[in-house]
Structures are given as structure tokens and as C-alpha cells.
1. Any idea which of 132, 87, 95 is in contact (Cβ under 8 Å) with a residue 60 or more places away in the chain and of a type in the set (S, T, N, Q)?
2. From (1) assigned to a strand (DSSP E or B); (2) open to solvent by 40 Å² or more (accessible area, probe 1.4 Å); (3) among the hydrophobic types (A, V, I, L, M, F, W, C), pick out the condition that doesn't hold for residue 97.
3. Quick one: in the stretch 36-51, which of the residues that are closer than 17 Å to residue 132 by Cα and in contact (Cβ under 8 Å) with a residue 40 or more places away in the chain is most open to solvent (accessible area, probe 1.4 Å)?
4. Just give me the residues in the stretch 3-31 being open to solvent by 60 Å² or more (accessible area, probe 1.4 Å), touching an Asp or Glu at 6+ places or on another chain (Cβ under 6 Å) and either within 19 Å of residue 100 (Cβ to Cβ) or modelled with pLDDT of 70 or more (or both), in sequence order.
5. What tally of residues in the stretch 52-71 results from selecting those that are modelled with pLDDT of 95 or more, open to solvent by 20 Å² or more (accessible area, probe 1.4 Å) and under 18 Å from residue 115 (Cβ atoms)?
6. List pairs: first in the stretch 138-149 and under 15 Å from residue 42 (Cβ atoms) and touching a residue at least 60 places away in the same chain (Cβ under 8 Å), second among the small types (Gly, Ala, Ser) and open to solvent by 60 Å² or more (accessible area, probe 1.4 Å), Cβ under 8 Å, 6+ apart or cross-chain?
7. For the stretch 117-139, what are the residues that are open to solvent by 70 Å² or more (accessible area, probe 1.4 Å) and at pLDDT 95 or above?
8. Of the residues 34, 77, which is at pLDDT 95 or above and under 25 Å from residue 120 (Cα atoms)?
Amino acid sequence: MRTKFIDRTQQEVAMWTHEESIDIRTSPERIWQLFADVPGWKAWNAGIDRIELHGPFVAGTTFTMQPPGSEAFVSTLVDVRDHEGFTDETVIDGTCVVVEHCIEPQGSGGVRVVYRTRITGPSAEAFGPMVTGDFGEVLRGLKALAEQP
């Protein structure tokens with residue numbers, strides 16, 4: 001979704017938002033285990049060629065990720081809540097990409113995993129589809145791995 005908002009200096013700033021989710025027959029603990037294993041993300045996210053976590057899986061830690069055929073970039077974990085989810089932030093040339101990865105327990109005993117993305121800055125509309133275009137595939141990969149016995 002594309003939208004514009006006015007910041008405190010009354011300048012118009014581009015913003016792009018997206019949300020995608022999937023229901024998974026597993027526990028919040030299992031999803032958390034997969035989220036916290038950053039080097040293991042490659043097992044369920046084909047959009048990662050190389051990834052490295054630079055410290056513990058806590059707020060303030062950075063990680064470097066390189067998609068296939070692209071330059072590597074550095075992201076920061078800005079919020080990490082055990083068994084609930086995490087949020088990362090990436091800033092590239094003045095454009096800020098924030099992705100929330102939420103674990104929502106369901107009454108049926110499973111979970112819903114939700115990716116919420118907010119992108120602001122001069123390249124928001126260009127980055128949006130590029131960042132979120134594979135989220136459906138990524139979530140299906142997470143589901144397949146999480147539901148294995």
C-alpha cells in the first residue's frame with residue numbers, strides 16, 4: 001500500500017506499507033527457535049545467499065544479509081521479544097525499512113506468523129515490492145520447516 005504522510009517539519013515523506021501472514025500448526029516456541037537461529041534462516045528463506053549475526057539475538061545487535069545477486073546490507077534488531085517476535089530496521093541511502101516479525105498464538109493451538117513492513121524515505125515505493133515480493137514464499141518455507149515432525 002502506498003501512502004504519504006507529513007513529518008514534523010511539514011515535508012511530505014513517501015511511505016510504503018505491507019502486511020502478510022500465514023497460519024502454522026506449531027507452537028510459538030518452535031517459531032521462536034527458527035527466528036532466533038539467524039544463520040538457519042537460509043533453510044526457509046531462498047532470498048538469502050549469505051547472513052551473519054554480529055552478537056546475540058537481542059535488541060541493538062546487527063546482522064549482515066546478502067540476497068542472491070545483490071549487495072549485502074546491514075540491519076539492526078530494534079525490538080526482540082522472546083516467543084512473541086522481533087523487529088529489524090535497515091537504512092539504505094535515506095530510506096528506512098522496518099519489518100516486524102510477529103508470532104500470534106491461535107485458539108486452535110497453532111500460530112499465525114505476521115510480517116508487517118513500513119518503508120519511509122525517498123525510495124520507499126521502489127523498495128517496497130523489492131523487499132516484500134517474496135514474503136509469501138518465505139512464510140511458506142517457514143511453515144514447511146516448522147511443521148516437520
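1. Details: 87 fails: in contact (Cβ under 8 Å) with a residue 60 or more places away in the chain; 95 fails: in contact (Cβ under 8 Å) with a residue 60 or more places away in the chain.
When all the criteria are applied, what remains is 132.
2. (2)
3. Of everything passing the filter in the stretch 36-51, 46 is most open to solvent (accessible area, probe 1.4 Å).
4. Listed by number, the list holds a single entry, 25.
5. Looking only at that region, the number is 2.
6. Partner pairs satisfying both residue conditions: 138/46; 141/43; 141/46; 145/43.
7. Of everything in the stretch 117-139, those that are open to solvent by 70 Å² or more (accessible area, probe 1.4 Å) and at pLDDT 95 or above turn out to be 118, 137.
8. On the way: 34 fails: under 25 Å from residue 120 (Cα atoms).
77 is the lone residue from the list that is at pLDDT 95 or above and under 25 Å from residue 120 (Cα atoms).
The values are calculated or read from the model by the stated rules, or taken from the named source; none is laboratory data. On a predicted model such as this, the values are computed, not experimentally measured, just so you know. Neighbour counts run over all protein chains shown; Cβ positions are idealised from the backbone, glycine included. Only protein heavy atoms, including side chains, enter the accessible area calculation; ligands, DNA and RNA are left aside. Shrake-Rupley method; radii C 1.70, N 1.55, O 1.52, S 1.80 Å.
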